[in-house]
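Before any comments, here is the structure.
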Amino acid sequence: MPPAAAPVGDSANAVVEGQYWKANLRLLGILMTIWFVVSFGAGVLFRDWLDLFRIGGYPLGFWFAQQGSIYVFVALIFYYSHAMRRLERKYDLED
């Protein structure tokens, strides 16, 4: 017996969900790259150069290693929440 044909709406819905997940993974990749550059790059790789500058009396490289990367991470969480809300509206996947 041949498999039953899927309703037309299901096929269109699968395409929309595929586009949604592709956009979601692209956003995650960009945000994780930013976080990596800030936490590992600024806190470890570029620390010596950043230590030439001061913030609050402390070398900037030290500040990024201790607190700056955490602040950027929290800001990225808020941005991700906002961006996901826009994506869900765009693809009509709101709860």
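The values are calculated or read from the model by the stated rules, or taken from the named source; none is laboratory data. Since we're looking at a predicted model, the values are computed, not measured. Cβ atoms come from the backbone with ideal geometry, glycine included; neighbour counts cover every protein chain shown.
Among the residues making up the range 72-89, a single one is surrounded by 15 or more Cβ atoms within 10 Å (Cβ to Cβ) and out of contact with any Leu (no Cβ under 9 Å at 6 or more places or on another chain): VAL72. Being over 20 Å from the mean Cα position of the chain (by Cα) and either part of a helix (DSSP H, G or I) or modelled with pLDDT of 90 or more (or both), is that true of even one residue in the range 15-33? The answer is yes; a qualifying residue exists. Can you name every residue in the range 47-93 that is under 16 Å from TRP21 (Cβ atoms), of a type outside the set (A, V, I, L, M) and either modelled with pLDDT under 85 or outside any helix (DSSP H, G or I) (or both)? Within the range 47-93, TYR91, ASP92 meet the criteria.
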